[in-house]
Amino acid sequence: MARSTPKFKAIIVGGSVAGLTLAHMFERAKLDYVLLEARDTISPSIGASIVIMPNGARILDQLGLYDVMREKFMTGMRRTFTRRSDGRVLSSNEWPTMVEERLQYLCGICERRTFLRSMYDQLRDQSKVRTGKKVVSVQHSDSSVTVVCQDGSEFVGDIVIGADGIHSFIRQEMQRFAEENGPPGVMDRDKTSITAEYNCFFGISSSNTSLTPGDSHTAAEIDHSALLFVSAGNLPQWFFFSKMPRRYIGASNIPRFTKADMDAQVAQYSDFHVTEDVTLKYLVDTSEKISYFPLEEANHEHWTFGRFVCLGDAIHKMTPNMGQGGNQAIESAAVLTNCLLELLNASEGKKAQAKEIEETLLRYQDLRQQRARMIVGFSADLTRSDALATLAHTLRFLFKPPPGGFVADFSTELFRSAPSLNFLPQPSRIADNEFWNEDGEDLSRNRVPKEKDVGTKARL
């Protein structure tokens, strides 16, 4: 059982999937924390979806959160279809059903706002979550960090955790501090780590009875693709991707888009079919809220420096085609919590020193970086495959789609090789599961699937 650690406090910045997951983990581990969210609400309505795969679901199950989500608002994927942009079916399979039968967790789709609200509602002590707290500076000393908010409030802790997304202010403050206190050029590479080659607009549309809950559809033509998940109530949750005129390097160089930009693109591709009966124009016209963004990608070299540490989209940003962004944030939160708890349990109630904290945060980075980099790469390749980016991608998508059994095998290994929480028992639903317990391996450790397990450059 984790002991109380009153001499350690973490400041989490960002009420994201990563931030709220950490809040639950710290609560269960009895690690003191405060979570600062810039918005006035913990669950903004931006028309976004989230996919929770078994690697994330197992950790949520350890925390006692999964059953509520599964029963109340999560829809399991059942069948997948690939199509041309005129709606014609190229292939279909039931790999999500096969994975669920093996691992006992849904490949589940839900609205992000609903997911975040459930995460918040299930916290035992919601007073530790502070909304309307936009961070404007971080002061780093040998003994602590002080986080200053726009409203003048200040919070002092032992570490500050950036869970504040792709445009992470905490990552920027970490990079600034490293440049001032680290070796020359230490952050040069990370300043240009964020790139964008595609843009995306997405939303959740009105119920459509021609669609079947649990189905997902990927439609493609050169430089464009669409992804549609059908959730309970026949609700289409969808994305439309387009290749931009060039690849942008560095966050400051990536363009922002206006509604006029989106309207022009919708008009150009209004007849793009996501299914036989559903077009892009229909999805846009029946969506209450649509968001339009460049599709950033990043895997930073430095996840931590001093008392700063980052996770989730702030440090490993992947495209959404593979449905792994939220799951990788959950994995990173688990490994970070494991590492911090090991440090504090070993300290026997004494205050952890700066060097010990830095070594612990570097251990978290070392444990997570290889697997995160691999999945960022898989997601990038899938995005380009769906958009027929090269001749090889086109031939593979149109003429050699992988069979459902292969995709199920790939996914099973990817999910079962994920880390979990060391200080909580494994969920009872997988206690005797041969897939989770294959080879008698320690389920809590962070593995990277071997090439013999998943194949080289495999496509989900």
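The values are calculated or read from the model by the stated rules, or taken from the named source; none is laboratory data. Bear in mind the structure is a predicted one, so any value in this text is a computation, not a measurement. Virtual Cβ from ideal backbone geometry, glycine too; neighbours counted across all protein chains shown. Calculation scope for accessible area: heavy atoms of the full protein, side chains included, ligands and nucleic acids excluded. Shrake-Rupley method; radii C 1.70, N 1.55, O 1.52, S 1.80 Å.
Can you go through Ser379, Ser411, Ser420 and tell me which one is under 26 Å from Ile222 (Cβ atoms) and either assigned to a helix (DSSP H, G or I) or open to solvent by less than 20 Å² (accessible area, probe 1.4 Å) (or both)?
On inspection, the qualifying residue turns out to be Ser379.
Can you confirm whether the range 3-20 contains a residue that is open to solvent by 30 Å² or more (accessible area, probe 1.4 Å), basic (Lys, Arg) and in contact with a Lys or Arg (Cβ under 6 Å, 6 or more places away or on another chain)?
Scanning the range 3-20 turns up at least one residue that is open to solvent by 30 Å² or more (accessible area, probe 1.4 Å), basic (Lys, Arg) and in contact with a Lys or Arg (Cβ under 6 Å, 6 or more places away or on another chain).
For Ile46, work out the one condition from (1) modelled with pLDDT of 95 or more; (2) among the hydrophobic types (A, V, I, L, M, F, W, C); (3) open to solvent by 10 Å² or more (accessible area, probe 1.4 Å) it doesn't fulfil.
(1)
For Phe240, all conditions in the list (1) under 28 Å from Ala392 (Cβ atoms); (2) assigned to a helix (DSSP H, G or I) hold save one; what is the number of the exception?
For Phe240, the exception is condition (2).
Can you find even one residue in the range 394-403 that is of a type outside the set (A, V, I, L, M, F, W, C), modelled with pLDDT under 95 and assigned to a helix (DSSP H, G or I)?
Looking for residues that are of a type outside the set (A, V, I, L, M, F, W, C), modelled with pLDDT under 95 and assigned to a helix (DSSP H, G or I), one finds at least one in the range 394-403, hence yes.
Select from the range 112-152 the residues that are part of a strand (DSSP E or B), of a type in the set (S, T, N, Q) and touching a residue at least 24 places away in the same chain (Cβ under 8 Å) and list them in ascending order.
Ser137
Pairs, please: C-beta under 9 Å, at least 6 apart or cross-chain, first residue under 25 Å from Gly405 (Cβ atoms) and in contact (Cβ under 8 Å) with a residue 60 or more places away in the chain and in the range 56-81, second assigned to a helix (DSSP H, G or I) and among the polar types (S, T, N, Q)?
Gly56/Thr21; Gly56/Asn327; Gly56/Gln328; Gly76/Thr97; Met77/Thr97; Arg78/Thr97; Arg79/Thr97
Inside the range 338-373, can you point out the residues that are in a loop (DSSP other than H, G, I, E, B) and of a type in the set (Gly, Ala, Ser)?
Listed by number, the residues that qualify are Ser347, Gly349, Ala352.
Is it the case that Ile161 is open to solvent by less than 30 Å² (accessible area, probe 1.4 Å), touching a Leu at 6+ places or on another chain (Cβ under 7 Å) and under 27 Å from Gly312 (Cβ atoms)?
Answer is yes for this residue.
Looking at the range 188-221 only, could you name the residues that are part of a loop (DSSP other than H, G, I, E, B) and among the hydroxyl-bearing types (Ser, Thr, Tyr)?
Within the range 188-221, Ser193, Ser206, Ser207, Thr209, Ser210, Thr212 meet the criteria.
Taking the options Gly152, Gly132, name whichever one is of a type in the set (Gly, Ala, Ser), over 27 Å from Thr21 (Cβ atoms) and either modelled with pLDDT under 95 or open to solvent by 10 Å² or more (accessible area, probe 1.4 Å) (or both).
Gly152
Exactly one condition in (1) in contact (Cβ under 8 Å) with a residue 60 or more places away in the chain; (2) touching a strand residue (DSSP E or B) at 6+ places or on another chain (Cβ under 9 Å); (3) of a type outside the set (Phe, Trp, Tyr) is false for Gly108; which is it?
For Gly108, the failing item is (1).
Considering only the range 297-314, state which residues are out of contact with any strand residue (DSSP E or B) (no Cβ under 6 Å at 6 or more places or on another chain), farther than 23 Å from Ser141 by Cα and open to solvent by less than 10 Å² (accessible area, probe 1.4 Å).
Across the range 297-314, the qualifying residues are His300, Gly312.
List, please: which pairs have Cβ atoms under 8 Å, are six or more places apart or on different chains, and start with a residue in the range 265-286 that is without any contact (Cβ under 8 Å) to a residue 60 or more places away in the chain and end with one that is in a loop (DSSP other than H, G, I, E, B) and surrounded by fewer than 21 Cβ atoms within 10 Å (Cβ to Cβ)?
Listed pairs, sorted by first residue: Thr279/Ser270; Thr279/Asp271; Leu280/Tyr269; Leu280/Ser270; Leu280/Asp271; Lys281/Ser270; Lys281/Asp271.
Which count do you get for residues in the range 371-384 that are among the aliphatic types (A, V, I, L, M) and touching a Ser or Thr at 6+ places or on another chain (Cβ under 9 Å)?
Here the count works out to 4.
Enumerate the pairs (first residue in the range 153-180 and among the polar types (S, T, N, Q); second residue anywhere and open to solvent by 10 Å² or more (accessible area, probe 1.4 Å) and part of a helix (DSSP H, G or I)) with beta-carbon separation below 8 Å, excluding pairs fewer than 6 apart on the same chain, so at least 6 apart or on different chains.
Ser168/Asp313; Gln175/Lys191
Conditions tested, residue by residue: (1) of a type in the set (Phe, Trp, Tyr); (2) out of contact with any Ser or Thr (no Cβ under 7 Å at 6 or more places or on another chain); (3) over 18 Å from Ser225 (Cβ atoms).
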| residue | (1), (2), (3) |
| --- | --- |
| Cys339 | no, no, yes |
| Asn345 | no, yes, yes |
| Glu348 | no, yes, yes |
| Lys355 | no, yes, yes |
| Gln369 | no, yes, yes |
| Asp386 | no, no, no |
| Gly405 | no, yes, yes |
| Leu421 | no, no, yes |
| Leu424 | no, yes, yes |
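Scan the range 49-81 for residues that are surrounded by fewer than 20 Cβ atoms within 10 Å (Cβ to Cβ), touching a strand residue (DSSP E or B) at 6+ places or on another chain (Cβ under 8 Å) and not charged (D, E, K, R) and jot them down.
Passing the criteria: Phe73, Gly76, Phe81.
Please determine whether any residue of the range 223-233 is without any contact (Cβ under 8 Å) to a residue 40 or more places away in the chain and within 25 Å of Ser379 (Cα to Cα).
Looking through the range 223-233, none of the residues is without any contact (Cβ under 8 Å) to a residue 40 or more places away in the chain and within 25 Å of Ser379 (Cα to Cα).
For the range 249-295, how many residues are under 30 Å from Glu359 (Cα atoms) and crowded, with 19+ Cβ neighbours inside 10 Å?
Matching residues across the range 249-295 total 1.
Quickly run through the range 99-129 and pick out the residues that are more than 17 Å from Leu65 (Cβ to Cβ) and open to solvent by 60 Å² or more (accessible area, probe 1.4 Å).
Passing the criteria: Glu101, Ser127.
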